[in-house]
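What follows is a short report on a single structure.
The values are calculated or read from the model by the stated rules, or taken from the named source; none is laboratory data. Since this is a predicted model, take the numbers as computed values, not measurements. Cβ placement follows ideal geometry from the backbone for every residue including glycine, while neighbour counts extend to all protein chains displayed.
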Amino acid sequence: MSPLALRQQRIQVAGQRQLALGRSRQRLMIGVLLFVALLAVVALRLLDLSMLQGAKPAGQRDLFAALVPPRADIVDRHGAELARTFDAYSIAVRPRDIVGDKRELAERIAAALPGMTYEKALATLNHPGKYRYLQRRVLPTDAKRINAIGEPGILLEREPERLYPNLGLASHILGYTDIDGKGAAGVERAFEERLSRDDMRGKPLVLSVDSRIQQAMEHELAVAMEKFSAVGAAGIVLDVRTGEVLAMTSLPELNPNDAGKGSVEARFNRTTLGVYELGSTFKPFTVAMAMDAGTVRSMGQMYECPRGLRVGRFTITDTHPFGRRCSVAEIMQESSNIGTAQIARELGGARQKAFLEKMGFLEPVSIELKERGRTLSPGANWGEIATMTVGYGHGIAVTPLHLATGYAALFNGGVWRPATILKVGKDQPLAPGRRVFTEQTSYKMRALMRLVVTEGTGRKADAPGYRVGGKTGTAEKVVNGRYKRNAVINTFAGVFPMDDPRYVVVAMLDEPQPLKETYGFRTAGWNVAPVVSKVITRIGPVLGVVPDEQREPNMAEVLPYIEPKAKP
Amino acid sequence: MTPLGRNDRTLLGRWFWTIDRVLLLMVLMLIGIGLVAVAAASPAASHRYSGGSVQLGDLHYFKRQVFWVLAGLPVMLGVSMLTVTWARRLAIAGTLGFLVALAAVPVLGAEANGAMRWISLGGFQFQPSEFLKPLFIVFTAWLLATRYDDHSIPALQLSFGFLVVIAALLMKQPDLGQTVLFAGVWLAQAFLAGMGIGTLVGALCLAIAGLGMAYLFVPHVTSRIDRFLTGGGDTYQIDRALDCFKSGGLFGAGPGEGQMKFSLPEPHTDYIFSVIGEEFGAIACFGVAALFLAIVVRVLLQLLEEDDPFVFLASAGLVTQFGAQAMINIMVNLSLLPSKGMTLPFISHGGSSFLALSMGMGLLLALTRRNRFLKASPYVQRWRAA
C-alpha cells in the first residue's frame, strides 16, 4: 500500500488528532536529521583539529625546536666552541609548599650549593611570598644534590644560559649577554640580530679567531704583564692578506660567564676601544709615506742627526743619540726621533694627513665590534711641529688594532683592508681593499723592519727561523691630557715571516715597571719585544709557517747603509 | 513474587518495567564519564581558583562533583517515578514558582562575571533559569498539546507570551545563551505542535532580529560575536581550548598528562570538553558527542510511537534542550560558535545546574515511561515490515 493511500486511510479513521500527530512525527524526523548533521559537523571539526591542525605533531615539532638553540653558538675558525646556550638549572622555592623542617632544610641547602649560606637559605624558605628564587645558574651536579633532598617545595627549573666554556678566552671579542640574554658587548652585541634571528640561530657564527693562537697570545701577555707589574696589556694577531683577526686580547682578563663581577678595567677592550700614542711603531709609516711621496729615494739617504733638534719651543731628543749624519736605515734601526721628524717634515703635513686618512687612522677602527674608540689627532693644528711629532708617533692616538691593520697594509703589498672578526670564506667574502702604498715600497720595507730586529732595538723580538721584522714603540702615557712621568705604553708591532709577510703580531704593555734583569730599562725592546718573540715561536707552527734559518728578506736593500757595530 | 519480576506490581516494579532503561543506562554512562572528566579537569580548575588565602586541593572539584552526583541521582530517579499527571502538575507549579524567582534575581541576586544570575538560599546558590528551563518546556507542552484537540484556545500565543516574559527577564541579567536556548526549544516545540511554515519563518526572522538587537545593544554580546566573526581581539580563551584539541590528537595525552588544560578558562565547566580532548583525544570526544546524539535519537525515535500530544511535545522539548545545550557547548569548545557560558549536561561540574539537569532528565524519564510492547507509529511498523 502506498504511503499516500495509507495516510488517506488514517485521516478518515483517526481524524483530526491523528493527522496533527502524524505531521508532528514527520517534523520530529527533521529534528533527528538536524542533530545527526550537527554531530557530523562536530566529528569533522574534531578530525580537523586533532589530525590536520595538530598534524605537525606537537611532540615532533618540539624535538626539532629543542635542537635549535635559542641563540646561535659562536665558534672559532676551526669550529671550536666559544659560546653556546644551554638549559641551566635555577632553584626556586614555594615557601608555602615546604613539607620538611625549614631549619634542617636550610642546612642541607647551604651544604649542597656553593656560595649559599644557612642564613640566606633560611630567609628564602621563610619568605612570605608564593615564589622565590633560591639560586639561579646552578650547575647540574649541584642541582642534583638539591633534587636529592626531595623537598616538594623546592623547584628545579630550566632556563637558557649563555656559556663561555673557555672562560676568559677571547672574552673581549665575544663580549657577553645581559640578564635577558641580549648581547651587551663584543660579538654578542654586534651580531645580536644574527645570533637571535629564528632562521639563523640554528647555524653557529664562525669567527676568524683561532683559539690556539688566541690562547698563546693571552698566555704570553699575561706572563709578561705579571712579570713587569703592568696595569694592562693588549695583543693582536692579524692575517695581513685578509684582515682576519686571528687573536685579539685585552688584559686584565674578563670572565664573560660572570661579566658583572669583572672590573671596569677588565671589561674595557684595549684593542679597539682604547686609544694610545703608540710612539715609534709609527716610524715605518713615515718612512713608507716618504718613499711613496719620493722624498726618501733610498735607505741610504742621509739626515743630520744632532743630539737634540730644536723645533720652535720644543727640543726633540733620542734615547740612542747619534750626534752625526746617519742613513734612513740607521734612523729606523736605532729608532731615532730626530731623524724621523726630519723625514716627516720633508714629507709635509698635508701628505701625511692624506696617508693617515687612507689608512683609516683618523676615524674609529674598522671592525664589526661596537666598542670602537675615537682616535685623537692634531686636527686643525696640523702644523710643522705636529707633522714632525706625528711622524714618530706622538700627538696622534689610535687603537692597537689601527696599528695592526696599518702594518698589514704596509706589508701585504700596500693594500689596506678593514679588519674583520668573521672568518673569510664562502659566506664572508674578502672585503674590498684600497691601495695605500706602492708594491715596491711595501717590498722595500721588509728589509728595513727585519733590520730593526736583527741589528736594532727589537732584537729580543726575534724568533729563530721565523724571520721576524717589526718595530718597538715606547710612548709616555697620557693621563688626563698630560704625559705621566715614569709611565709608558710599550708596543711592539711585528710581522712574520718577513721574506713573505703573512701575519702581523702587535703586543702592548700598559705601564710596565723596570726590573733588575732589564737593567732598569722600561723600553719596549726589553719587555714587550720578548712577548712577540715567544708568541711567534708558539704560533708559527700552528699557522704552518716553517722555520728556516737560511731564508731572509733581501737585506742588501739596507745592510750597506748601516755602520757595523763595534763588537765588544 | 520476585522483586522487579514481571508480576511485581509495586511502585518500584512498575517503574522498572516501564522506564526507558536504554535511556537511563546512557544517562548513567554520561554521568560516569562526567566524573572522570571532572577528575581530569579538577587540578586545572583548582590551580586557577587557588590564590591568596584560598588553597584548593587538586581533587577539590572532583569531590564536589561526587557530592552533586549523589544528590542529583535521587532527584532524577525520584522525579522519574512521577506519573504523567503529576509530572504535569509539578511542571505547572514549578514554572510559576521559578518564574517568580527569576523575576526576583535582580533584587536578591548575586553578581558573578558581570552578570546577575544567582540567588542565594540558605547558603545555597542556584540559578532559577536552570530549573525553569525543563519545567517551562513541560509547561509549554501542556499549553501546546491543547492545539491537537481544541483550536479555540490561543495556546501558541499564550505560550509565546510566557516566553517573551522569560526572555526579557533573562536579557536583563544578561544571559543571552539561556535566552537563545529557551527560545530555540520553544520554537522546536511550536514547530512540532503544527505551527504553520509561514509563522515559523516569521518566528525565525524575529529570532534573528532579536539576536541582531542583542548584538547591537548588549556590549558583551557585541564583543563576543565580533571576536568570533573576525578572529581579532582577545581570543585567548578559545585559542587555549583549540590548543587542547591539537595537543591531544586522536588518542589524547593520557589521563592526568594534559598541560594545556592549565591555561584553560573554566576547565571544569564550560571548557571541560577541551580537557577531554587533550587527555583522552578526539576519538573519545566523538564518543561523548555520539552518546549525546544517541540519547536524543533514542528519545525522538521512541516518540514516534507516542500518541499523547502532551507527552510527545514535552519529551521532544526536554530532549531537544538537552541535546541543543550539549551541541552548543561542544561547538563553542571547537570554536564553531561564539562563546556562550553554557555547560555540558551531566559532564560539566556544577551544583545547581546538575540538580536542574537531574530534574529535567527525571521528567523526561517519567514522561517516556510506557509499555514497551505497544507500538503506535506506522513508520516503525513499516520499517519492521520492510
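Within the set B:GLY198, B:GLY232, the sole residue that is at pLDDT 85 or above and either away from chain A (no Cβ under 13 Å) or buried (at least 21 other Cβ atoms within 10 Å of the Cβ) (or both) turns out to be B:GLY198.
Looking across segment A:112-135, the residues that are more than 28 Å from B:GLN55 (Cα to Cα) and touching a residue at least 24 places away in the same chain (Cβ under 8 Å) come down to A:ALA112, A:LEU113, A:PRO114. If you go through segment A:133-154 and keep only what is modelled with pLDDT of 85 or more, assigned to a strand (DSSP E or B) and out of contact with any Leu (no Cβ under 8 Å at 6 or more places or on another chain), you end up with just A:TYR133. Looking only at segment B:1-35, how many residues end up being under 30 Å from B:PHE273 (Cα atoms) and in contact (Cβ under 8 Å) with a residue 40 or more places away in the chain? Count: 12. Residues considered: B:ILE166, B:ILE238. Of these, the only one that is within 22 Å of the chain's Cα centre (by Cα), farther than 23 Å from B:ALA314 by Cβ and surrounded by 20 or more Cβ atoms within 10 Å (Cβ to Cβ) is B:ILE238.
Identify the residue in segment A:512-568 that is in a helix (DSSP H, G or I) and of a type in the set (Val, Ile, Thr) and, among all such residues, is farthest from A:ASP210 (Cα to Cα). Filtering segment A:512-568 for residues that are in a helix (DSSP H, G or I) and of a type in the set (Val, Ile, Thr), the one farthest from A:ASP210 (Cα to Cα) comes out as A:VAL528.
Rundown of residues vs (1) outside any helix (DSSP H, G or I); (2) at pLDDT below 85; (3) in contact with a strand residue (DSSP E or B) (Cβ under 9 Å, 6 or more places away or on another chain), yes/no style:
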| site | (1), (2), (3) |
| --- | --- |
| A:ALA233 | yes, no, yes |
| A:SER250 | yes, no, yes |
| A:MET289 | no, no, no |
| A:LEU309 | yes, no, yes |
| A:HIS320 | yes, yes, no |
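Looking only at segment A:22-35, residues that are of a type in the set (Val, Ile, Thr) and more than 7 Å from chain B (Cβ to nearest Cβ) come to 1 in all.
Exactly one residue among A:GLN352, A:GLN333, A:GLN342 is of a type in the set (S, T, N, Q) and within 21 Å of A:ARG446 (Cβ to Cβ), and that residue is A:GLN333. Scanning segment A:252-287 for residues that are in a loop (DSSP other than H, G, I, E, B) and among the acidic types (Asp, Glu) turns up A:GLU253, A:GLU277.
Restricting segment A:507-541 to residues that are surrounded by fewer than 20 Cβ atoms within 10 Å (Cβ to Cβ) and β-branched (Val, Ile, Thr), the residue that is modelled with the lowest pLDDT is A:THR518.
In summary, B:PHE286 fulfils each of the numbered conditions (1) away from chain A (no Cβ under 13 Å); (2) without any contact (Cβ under 8 Å) to a residue 12 or more places away in the chain; (3) hydrophobic (A, V, I, L, M, F, W, C) with the single exception of condition (1). Residues to consider are A:LEU19, A:LEU46, A:LEU4, A:LEU39; find the one that is more than 30 Å from A:ALA88 (Cβ to Cβ), facing another protein chain (nearest Cβ under 10 Å), assigned to a helix (DSSP H, G or I) and modelled with pLDDT under 80. One residue alone meets the criteria, A:LEU19. Selection within segment B:289-315: residues that are closer than 29 Å to B:GLY252 by Cα and facing chain A (nearest Cβ under 9 Å). The member of this set that is surrounded by the fewest Cβ atoms within 10 Å (Cβ to Cβ) is B:ALA290.
Screening A:PHE268 on (1) over 29 Å from A:ASP178 (Cα atoms); (2) of a type in the set (Phe, Trp, Tyr); (3) surrounded by 15 or more Cβ atoms within 10 Å (Cβ to Cβ) shows it passes everything except condition (1).
The residues on offer are B:LEU318, B:LEU264, and the sole one that is within 14 Å of chain A (Cβ to nearest Cβ) and either under 22 Å from the mean Cα position of the chain (by Cα) or crowded, with 23+ Cβ neighbours inside 10 Å (or both) is B:LEU318.
Whether any residue in segment B:87-105 is of a type in the set (Lys, Arg) and at pLDDT below 90 is what I want to check. No: zero hits. What do you reckon, is B:PHE160 within 14 Å of chain A (Cβ to nearest Cβ), in a helix (DSSP H, G or I) and without any contact (Cβ under 8 Å) to a residue 40 or more places away in the chain? Against the criterion (within 14 Å of chain A (Cβ to nearest Cβ), in a helix (DSSP H, G or I) and without any contact (Cβ under 8 Å) to a residue 40 or more places away in the chain), B:PHE160 does not qualify. Considering segment A:289-308, and only residues there that are within 26 Å of A:MET359 (Cβ to Cβ) and buried (at least 19 other Cβ atoms within 10 Å of the Cβ), the residue that is farthest from the chain's Cα centre (by Cα) turns out to be A:TYR303. Here is the figure for segment A:118-139: residues that are within 37 Å of the chain's Cα centre (by Cα) and surrounded by fewer than 13 Cβ atoms within 10 Å (Cβ to Cβ) total 2. For segment A:182-211, a residue qualifies if it is within 18 Å of A:ASN255 (Cα to Cα) and in a helix (DSSP H, G or I), and the qualifying residues are A:GLY186, A:VAL187, A:GLU188, A:ARG189, A:SER211.
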